[in-house]
């Protein structure tokens, strides 16, 4: 795609351009926000402004036009998820990119964010309003690995501002290659960010493989020191000088990182003794609305309307009614399970779905699968009865990290109670993040790629323990791969935690014609510090009063985890009578039409396997809460 690059003059913005071009995108312009006249820099939460007077020279070096916009606004809206705010500097960014769009047919915007969600979400907000895609290939990269790649790439970036312990005015003007050993040492001693992500230093690029015939050279320099804040920076004048073009390959990180690549290479190839597919039962679904603890569970919403659009509109009308009766709205929804009878209708379904959640910056996490239904669509969701501050991640940038959302959903939404944090993880299919395409190689790669995505999402939201996971596959052979891969992942990465938490099921189709999808929820138990005045007996009594007893079931196989005042049970059975009168919220995967009434969210599937690959007629997840 054609793209404009947001540049500050620093290393990150230029190195990200290299990666955009390496991915086949075409640079057509650069854009920059600068402080109003008579300011060398301003205290912006978002933009590097030191060295801004040099920006116009980059157009000459790159051979593309430079677009600039003065920063009139301030950092008024400091929420992590940005919404349109008058007199905020992000509205200056909007005007700048709007100006570029008026002159060029661009589809993407290059953004050099590495760790800053604050920066990334704001660029994504503006891109969303202008119909553009954010390109953030440095996002979540390991800083030492990234700085080493920059140093070896031919990028001549030099420090022009220092503001951290161990960095002094004597470091100004030194290249990142010269500074790397010192930055590594300062990171070990004081946790200084190697790439300067904590504002420890700023850089200015003098040469790059992107500069074909011209580069920058220092003409004059003056060190400016603010002793009150221990900050020093260079006030520079530069000149453009000729150079010979240099060939340089941009090193792209592998699809699987070292940890998951090792697992994939050590995995056996799956047996090809494909089993015949079972027929998925056409189960008639009944809507269930249940309040449990702080949750409203709405399960099995369907419609008999003929057209897909009419069906979706009818389902959402009913959902709005249910939410209103419980004094809620769609902003209360944490997670959605969307079942469709034909994935060819996905675009139509997704269009209406998008309209419902378009005004929410952290829409619900979501799982979408194709399976046999008596209607065209079935929707189930979890809503929070209270409305705490919304937490989660909704990443819309192309990167190497994990897929950006391919629908109006968040990668994860986090619910925090008094005793635990719980993160719902959206369905992860094996898309190559940088290109959003599916690999054309082995089943093992696809399986581990899903797990890497799942792992990275839960690590980023810092809710890391596995409560339950569901792996959707489109053939029995893939189920064998999934269970084997899961065991390796759990043993080697999670050190055994979550070993019995996987349900693998076979369905008829998945988004993007993928053959595997992994979703689930993760948790962290909150530790409350007791008052010092309490004696040991009081603390023990309080602990016992809060402790939740694990339930006992008649299933042939089940595993329960106690998560604060909640229990989570992954179960498998061949006896339908075991499904009667189950407590809490039940998510049931069934291979047969149910002859008994079952108070559960129903997902018809053709096969169910446990973590060892043993087949069962039924499997699922029960979550229940201790009543007080």
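The values are calculated or read from the model by the stated rules, or taken from the named source; none is laboratory data. Quick caveat: nothing in here was measured; it's all calculated off a predicted structure. Glycine gets a Cβ as well: all are built from the backbone with ideal geometry, and neighbour counts include every protein chain shown.
Of the residues screened, residue 372 is not one that is crowded, with 23+ Cβ neighbours inside 10 Å and out of contact with any helix residue (DSSP H, G or I) (no Cβ under 7 Å at 6 or more places or on another chain). Taking the stated definitions as given, is residue 407 under 20 Å from the mean Cα position of the chain (by Cα) and not in a loop (DSSP other than H, G, I, E, B)? No, not satisfied. The set of residues in the range 164-186 that are in contact (Cβ under 8 Å) with a residue 40 or more places away in the chain and within 31 Å of the chain's Cα centre (by Cα) comprises 176, 184. The set of residues from the range 363-394 being within 24 Å of residue 325 (Cβ to Cβ) and part of a loop (DSSP other than H, G, I, E, B) comprises 363, 364, 375, 385, 386, 387, 388, 390.
Count of the range 483-519 residues, restricted to those that are on the phi < 0 side of the Ramachandran plot, part of a helix (DSSP H, G or I) and in contact (Cβ under 8 Å) with a residue 60 or more places away in the chain, is 9. Of all the residues in the range 545-570, those that are closer than 19 Å to residue 424 by Cα and assigned to a strand (DSSP E or B) number 9. From the list 315, 304, the one residue that fits, being surrounded by fewer than 20 Cβ atoms within 10 Å (Cβ to Cβ), in contact (Cβ under 8 Å) with a residue 60 or more places away in the chain and farther than 14 Å from residue 383 by Cβ, is 304. Count of the range 592-605 residues, restricted to those that are in contact with a strand residue (DSSP E or B) (Cβ under 9 Å, 6 or more places away or on another chain) and over 16 Å from residue 374 (Cβ atoms), is 2. Within the span defined as the range 328-342, one or more residues are surrounded by fewer than 16 Cβ atoms within 10 Å (Cβ to Cβ) and more than 27 Å from residue 598 (Cβ to Cβ).
Scan the range 253-274 and give yes if some residue there is over 35 Å from the mean Cα position of the chain (by Cα) and over 21 Å from residue 152 (Cβ atoms), otherwise no. Scanning the range 253-274 turns up at least one residue that is over 35 Å from the mean Cα position of the chain (by Cα) and over 21 Å from residue 152 (Cβ atoms). Somewhere in the range 451-466, is a residue over 21 Å from residue 124 (Cβ atoms), in the same structural domain as residue 506 (by the TED database) and assigned to a strand (DSSP E or B)? Checked against the condition, which is being over 21 Å from residue 124 (Cβ atoms), in the same structural domain as residue 506 (by the TED database) and assigned to a strand (DSSP E or B), the range 451-466 yields at least one hit.
Residues checked against (1) under 26 Å from residue 172 (Cβ atoms); (2) in a loop (DSSP other than H, G, I, E, B):
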residue	(1), (2)
216	yes, no
222	yes, no
228	yes, yes
236	yes, no
263	no, no
268	no, yes
